[in-house]
Amino acid sequence: MTISTIKPALSVSAAELEDLDRRHLIHPHQRSQRTFRRVIVRGEGCTVWDAQGREFLDAIGGGIWVTQVGHGRRELAEAAARQTAELAHFTGFFEYANDKSILVAQRLAALAPGDINRVFLTCGGSEGVDTAIKIARLFHHHRGEPDRNWIIARHYGYHGATYGSGTATGIPDMQHAVGPNLPHVEKVMPPYPYRAEFYGGQDPTDFLIDELTRTIERIGAGNIAAMIGEPILGGGGVVVPPEDYWPRVRELLSAHGILLIADEVITAFGRTGAWFDSDKRGMAADIIVTAKGLTSGYAPLGAVLMRDEIGAIVADGEASFFHGHTYSGHPVACAVALANLDVLDNEGLLNRALAIGDWFRAGLAPAADLPAVGEIRVEGATAGIELVANRQTREPIAPDLALAVADELYETHGVITRNYGPTLVLSPPLVLDDRQARQTTSAIVEVLTRLDVEAGRIAPR
């Protein structure tokens, strides 16, 4: 019998954990210049604790827009435990399924807009985007148009970090030094009303529809499979499009037989006050990619939803859908998703998201006239505070200074936020209450009041 010499996790000190982390763990989006670690070990509601016992308010949903129902939900833990005892895993390949994966697909079809009734289950958003790209290309191939393999994406869009989804992502760092990237991906400008300079004095939607029209003409409509876009730009800084943007994009794409993929990895399942944000934007999407809030991060699960016609063409009859992942439709993750959707529904958390938006608007209002604040954007339980070096020219502040704001909130106020470039982002659990919303917004106003852009620093308290 071999006795392990590794200490049980509970007996490892915070300092030891941080040292082990630096020696063994490579982090997603790791920044080499930041050698310290923040080790989170426990959570309840909107509160988390680190390995040193310090308490923090989670204003960014598990750090990554995900924890819709909050931390420490016993209902979800019990659902996972029951399912693990019954059936921990069996493949969903070929003709196999498990009861929970079927019930999740049924539940999603009932919630989805229009004739979106077919579901492919993944382990997360990046897998989902890759799957959606494949499905769009397969759809046209099976209909006798194999040349339709181009994908139109947008600058500033975030779609994941795998080979295909990373190419579709409109952030150049994602493609740096790992090419050649996925071929036949073209990017157009996003709707970003605050950045009027993007559009040369034109109405943003007019400019963007003209650009998209010219892009389709240049590539050739018969060569384009789909366009992918987030209903609102999440990683781009919670950027909300003009009301006429998505309806006009949809009309143009439909005229050319081009599918529209809505990336709702961030926005679905209540984040902006609806089960699916794309529907209220007028996207009328052919394919919807989801993840994150589907399980509130309690288990890795995503879902690609599609119209009946698309599902039938790529997977029914003589079609062969040769695509899948080991953990697609994992029964434990699906059991957690069902419990999570129940909590969202039974506790009215979609409406709570709208209330959180109202609290954020009121609480952040005093920051609107501060020298470093360019624009405050709130959409449901999500907010973006775009920071600028000059309010007249709208020159963005350096990302490192925006990161310093997030650090100050973390260290001084115990509030966890995140910066995306020059924009400070909020995306808390939907169980956030009005007191916690005030704690979050008052902390932000206090720190931004001390932000000295000219000196490039935050003044001491």
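The values are calculated or read from the model by the stated rules, or taken from the named source; none is laboratory data. None of these values were measured; they are calculated from a predicted model. Here the Cβ is made from the backbone with ideal geometry for all residues, glycine too, and neighbour counts use every protein chain on show.
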Checklist entry - Quick one: how many residues across the stretch 157-183 are outside any helix (DSSP H, G or I) and out of contact with any Lys or Arg (no Cβ under 9 Å at 6 or more places or on another chain)? => result 15
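Matching residues to (1) among the hydrophobic types (A, V, I, L, M, F, W, C); (2) over 10 Å from VAL66 (Cα atoms):
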site	(1), (2)
ILE261	yes, yes
GLY273	no, yes
ASP279	no, yes
GLY282	no, yes
ALA291	yes, no
Next on the checklist: Here is a list: GLY92, GLY128, GLY114. Which entry is closer than 30 Å to ILE416 by Cβ and either in contact with a helix residue (DSSP H, G or I) (Cβ under 9 Å, 6 or more places away or on another chain) or modelled with pLDDT of 95 or more (or both)?
Outcome noted: GLY128
Item to check | Qualifying positions in the stretch 108-128 - aliphatic (A, V, I, L, M) and either farther than 24 Å from HIS89 by Cβ or surrounded by fewer than 19 Cβ atoms within 10 Å (Cβ to Cβ) (or both) | outcome: ALA109, ALA110, LEU111, ALA112, ILE116
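A quick yes/no check of all residues on (1) of a type in the set (Ser, Thr, Tyr); (2) surrounded by 19 or more Cβ atoms within 10 Å (Cβ to Cβ); (3) in contact with a strand residue (DSSP E or B) (Cβ under 7 Å, 6 or more places away or on another chain):
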{"residue": "ARG214", "(1), (2), (3)": "no, no, no"}
{"residue": "TRP246", "(1), (2), (3)": "no, yes, no"}
{"residue": "LEU260", "(1), (2), (3)": "no, yes, yes"}
{"residue": "ASP263", "(1), (2), (3)": "no, yes, yes"}
{"residue": "TRP275", "(1), (2), (3)": "no, yes, no"}
{"residue": "MET283", "(1), (2), (3)": "no, yes, yes"}
Item to check | Residues that are free of Cβ contacts under 8 Å to residues at least 12 places away in the same chain and either on the phi < 0 side of the Ramachandran plot or part of a helix (DSSP H, G or I) (or both), drawn from the stretch 122-147 | outcome: HIS141, PRO146
Checklist entry - Name the residues in the stretch 241-265 that are touching a Pro at 6+ places or on another chain (Cβ under 9 Å) and either not assigned by TED's automatic domain parsing to the domain that holds VAL336 or not in a helix (DSSP H, G or I) (or both), would you? => result PRO241, PRO242, ALA262, ASP263, GLU264
Item to check | Whichever residue in the stretch 13-48 is among the polar types (S, T, N, Q) and surrounded by 11 or more Cβ atoms within 10 Å (Cβ to Cβ) and, among such residues, is nearest to VAL431 (Cα to Cα) | outcome: THR47
Next on the checklist: Within the stretch 94-101, does at least one residue satisfy the condition of being touching a residue at least 12 places away in the same chain (Cβ under 8 Å) and among the charged types (D, E, K, R)?
Outcome noted: yes
Next on the checklist: Regarding the stretch 207-217, can at least one residue be identified that is outside any helix (DSSP H, G or I) and without any contact (Cβ under 8 Å) to a residue 60 or more places away in the chain?
Outcome noted: no
Next on the checklist: If a residue counts only when it is under 26 Å from PRO331 (Cα atoms), which strands (runs of 3 or more DSSP E) contained entirely in the stretch 1-103 have at least 1 such residues?
Outcome noted: 40-44
